[in-house]
Every structure is written in structure tokens, then in C-alpha cells.
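Student: Right, I'll just put the structure down here and ask away after.
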Amino acid sequence: MYPKELRYSKEHEWAKTEGKRVRVGITKFAADRLSDVVYVELPAVGADIAFMQPFGVVESVKAVSDLYAPVSGKVVEINKALVEKPEVINMDPYGEAWMILVEPKDPGELGQLMDAAAYAAMVGEATS
Amino acid sequence: MKYIPATQAERERMLRSAGVRTVDELFRDIPEEVRLKRPLDLPPAVPDPDLLAHMRRLADRNTDCDRLACFLGAGAYDHFVPSTVPHLALKPEFLTAYTPYQAELMQGELQAIYEYQTMMCELTGMDVANASMYDGASATGEAASMAADLTKRAEVLVSTAVHPEYREVLRTYTSHLPITVRDLPARDGVTPPEAARQAVTDATAAVIVQSPNFFGSIEDGDALASAAHARGALLVVAIAEPVSLGLLRPPGAYGADIVTGEGQALGNALNYGGPYLGMIATRDAFVRRIPGRLVGRTVDTEGRPGYVLTLQTREQHIRRAKATSNICTNEALNALVAAVYMATLGKQGMRDVAELCARKAHYARTRIAAVPGYSIAWDAPTFNEFVVRCPMPPAEINRRLLEHGILGGLPLGRFYPDLADCWLLCVTERRTREEIDRLAGHLETLQ
């Protein structure tokens, strides 16, 4: 449910360190709560994002929510396929449904995020 | 059925149920010293027939465009309304329907709005139109905030040839938003595209123009669109006289990104200035940023067509503080009227009305230009309004014309101090050659 190698924000984003970059998406818990996602709005490549500030929007049949940046930095890549097929957020939140790839300004910020066990506890579930 | 239950027995029953003995007891929370301690100063009650006669006498002190020859436009237009419009729009099922709150129960209302939206798209040349807004002025304010949101930029440029009241509301609308409004000065009755090109910067979210503009002139839409687009700004086109689109190129054809404006001219009465009909339409790519309600067509579980309110997640009752607009309603009855009007006329009928307006206005323009002392202010092409320079104060001309049953044009000095000798005249299809000749004849003899 919540992969051990990821870090988690209290706004339900995950962050995955890949060398010098950080890949970002939303958790299975968030995707389930939103139900069918119909639209996602991502920042432009090159945009600066700030720690725990909105960087985009995700919209489901039930609600519209902001996406919060789990790390500050520059967006170097966005998942364009997601804009065409936002439903993969419900099917594969940690894989195909990644949202942005960030060049972090201060990777130390990731230390302020939760590990899988703490996040599972926050959403009231046991780690699988 | 009684609407005011006021017999003694009824009052006593209500008092008993409220747990008090007298009506005065209901007001005990209001301090003694501010209470009125005598009966209202009203004349004695009169019989119904006398009351109706009294009200009719009061109403007769007003006048209207059925009794005057109206040459006043400036954002509100005296068009002929076919009898199908009140006949259908005032059917109680439609008349009493408010904006769809119990949406799926109101299939008839939803279908009417859907058809309104579809016709509005055809009229403006845009992909998507909403279910309507309050009026042209507030719709223009919404367009500015939409453009700022879409471009992530904070400045809008507005031509001074946009309706002055739209510009005032635009400033009110944006005064507590992180949006700066800057004027783009009109010259010779139009917005110069070269000036627009120079004024647009990388901080400009939108260039807002009106066409035909407040002076009646048709703007160079292509050049203004390219001036905005060259720096990544959007072109917002306000339409105050939608009947013009029966003849003129739709804004979508020359590159408008958002079309906004006032739909009153489409079958709605002048209504002493309101309620009116705000229009807004945009491109498919911007549909999630369009404010207000949106009706969509779908199929039910058995494959039958049905109508729903769609993309409601944008609206404030779902998105709360994060919503980009606080409009969760529409002008349902005015939109219905516009839909019935457009459906009654059809494409050819819309063109015929527009042509009549243009031809009659052109005749009036030529006729008045020939009156000694009067001249047409600018050379720009016009639709059904044009500006005349006058040898005497336009307000004085209006006062004299009114004595002859003619409602004159708008003295522009009220909004443009440097145009104090200018008079904005409007000629719709309702004006006859005889009325136009009569107007010109009076101008010839006025001293």
C-alpha cells in the first residue's frame, strides 16, 4: 500500500529520490479518497515549486484538490501522459501515475516528510 | 388562496402558537425608545378598482420605447421581440424555474440552458459557453480573473473604448484580487492595435476590447489578437450588442480566447436597466476555468439522452475557498428568453435583423452628417451606433427632442470629459425611415 522506499507528506504526496532528482506523485490513500480522477493540472517544465506549497491541481468526479510540493526546487520533467489519461492515478499511483520530476534545492527537506510506517499510522492503516 | 393571513382569528392562532399574548410582545427585544408608537401615516384603504386606477396613473408618469422613438443604445438595445418569446418564456414551468439546484429533476430547464449554450457558441464562434452570468459588466470582470488565472499573470489592459460601466465594475471586481487594471487609450473611436502591441508585456494576462465598441466602431480584431498573442496574453472580447454577430465575424474567428458581454439585446426587454444577461464563452482548452454553471448532455443507464450540470467541482459550493469564481447561479429566465429569441429567428433571421440595423443606422448616419453643424466624429466602420459631434450641448438636444416624442442618444461627456460635444446615437431595426427623417428634421430646426 505504501512502499518503504518513499517519503510521504501530510497532504498525501509521495517523494522518491532518484539520484540527484526527486519524483513526485500522490498516494493510494489519496487516489482512493478522490475516487475517479478526471483531470490533472501540472506546472510547466522549468517552473519553481516551494516546499508544501501548491504546484498543481487534481480533480475527481467528487472534488478538486491542490497538489503540494514535498520538496522545493525546479520542475525538470512532467508526466504529460497523465494529462491525457488521468485515470491511471487510480490504477497505478506509485508507478505510471508519477506527476513531476524535481531538481531539489534542498534535499534535506525530505527529512521533514514521513516514512511509510508513520504515514500509514496517520491515515489509520497498518503498513502492508 | 390568501397570501397574507391577517384575520383576527388567524393572528390569534399564530400568537398562541408562538407562545405570546400580544403582537407587541414579539418586539420586546427592540429598545422602547426606537419603537414607533403611532400608526403608520397612510391614507385609508381604497377599493381594488380605485387602487388599480391609482397605480395606472402612477405608471403613466413613466414612458417607454413603445411610446417614444428611441435612438439611445450604449449597452441596452431596443429590438423588436417576437411574440413567441414571452409566450414560451413566461410559461409557468419556465417562469418559476430558478437556476438548477435540484439539477437532474429539471430536465426541461437544463435542456433549454443547453440549447442556449449551444447557440451562444455558434454566435460567438467559441467552443464552450456557460449557462449565463449576471450581466455584461460582471461577466467582463470574471473574464479578467479567468485570464489572470490561466496565464498566471497579474495585469490586464482594457481599452477605453470598452463600455465605461464595464470598466468600472472590472476595477471593483479586481480591487481585492492580485490583478492590476491598466487603460489602453482609444484613438479616433477605435483601439489602435499598434498601441496595444507596445503596451502588452510578459506580465499582461489579457487585452480586453469591445467590438462593436462603446463608440459603435468595429475594432480590428485580427490585429488586436496578434498584439495580445505575441507576448502570450489572451484576447478578451466584450460584446455589448450581440445582434451585431448576425452580420459581423464572430470573435472566435479572429482569435478571441474569451468572449464576454451582455445578452439583453437577444429578446430581453430593456427592463429599466436590469435584470440583464451576462454571457461568457471560451475555448475547449480553458473549460475548467470558465466560471458559473455549465449544462452537459449525456445518456442515462438505458441509453436515453439526458442533461446534467457538469464540471461542478469548479464551483464554489464544492471547491470552497479554492474556487476561482463565487458564481454558483445564472440568469436562467433571461438566458431562456435569449434561447427562444435566437431559435425563433434562426440563422437567417439573426442576419436579417443585423442587416436592418446596419442599413438603417447607415441611413441615419448619412442623413445627420448632412445637417449643418453636425458631423460624424470618426471614420471607423460602425454597426448600429455612431458618434456625432454637435453644435450645441447634446443634453440640451435630448431635452428638446423629448418634447417631440424622441429619445435622443447618450451625451458622451458624462463618461469622457474631452468628448463633451459628442452624442452616441443608436438605430435598431425598430426605427423607421420616417422616425429617422423626423430626428434629422428636428436637428435642422433646433437653435
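Student: Select from region A:56-103 the residues that are farther than 20 Å from B:A285 by Cβ and out of contact with any strand residue (DSSP E or B) (no Cβ under 8 Å at 6 or more places or on another chain) and write down the one among them that is farthest from the other protein chains (Cβ to nearest Cβ).
Tutor: Per the criteria, the residue is A:G95.
Student: Where residues in region B:255-274 are within 18 Å of B:A143 (Cα to Cα) and of a type outside the set (A, V, I, L, M), which of them is nearest to the other protein chains (Cβ to nearest Cβ)?
Tutor: Filtering region B:255-274 for residues that are within 18 Å of B:A143 (Cα to Cα) and of a type outside the set (A, V, I, L, M), the one nearest to the other protein chains (Cβ to nearest Cβ) comes out as B:D257.
A quick yes/no check of all residues on (1) of a type in the set (A, V, I, L, M, F, W, C); (2) surrounded by fewer than 10 Cβ atoms within 10 Å (Cβ to Cβ); (3) touching a Ser or Thr at 6+ places or on another chain (Cβ under 8 Å):
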site	(1), (2), (3)
B:E25	no, no, no
B:P31	no, yes, no
B:V34	yes, yes, no
B:A45	yes, yes, no
B:L52	yes, no, no
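Student: Would you please name the residue that is farthest from the other protein chains (Cβ to nearest Cβ), looking only at residues in region A:45-55 that are touching an Asp or Glu at 6+ places or on another chain (Cβ under 9 Å) and over 27 Å from B:E315 (Cα atoms)?
Tutor: Per the stated criteria, the residue is A:F51.
Student: For region B:54-80, enumerate the residues that are exposed (fewer than 10 other Cβ atoms within 10 Å of the Cβ) and of a type in the set (S, T, N, Q). So that I can check it myself, show each step before the final result.
Tutor: At the first step, the residues of region B:54-80 found to be exposed (fewer than 10 other Cβ atoms within 10 Å of the Cβ) are B:56-62, B:66.
Once the filter is applied, which keeps residues that are exposed (fewer than 10 other Cβ atoms within 10 Å of the Cβ) and of a type in the set (S, T, N, Q), region B:54-80 yields only B:N62.
Laboratory data are not the source of any read-out in this text; all were calculated from the coordinates shown. Only a predicted model underlies this, so the values are computations on that prediction, with no experimental measurement involved. Note that we place each Cβ from the backbone using ideal geometry, even for glycine, and neighbour counts take in every protein chain shown.
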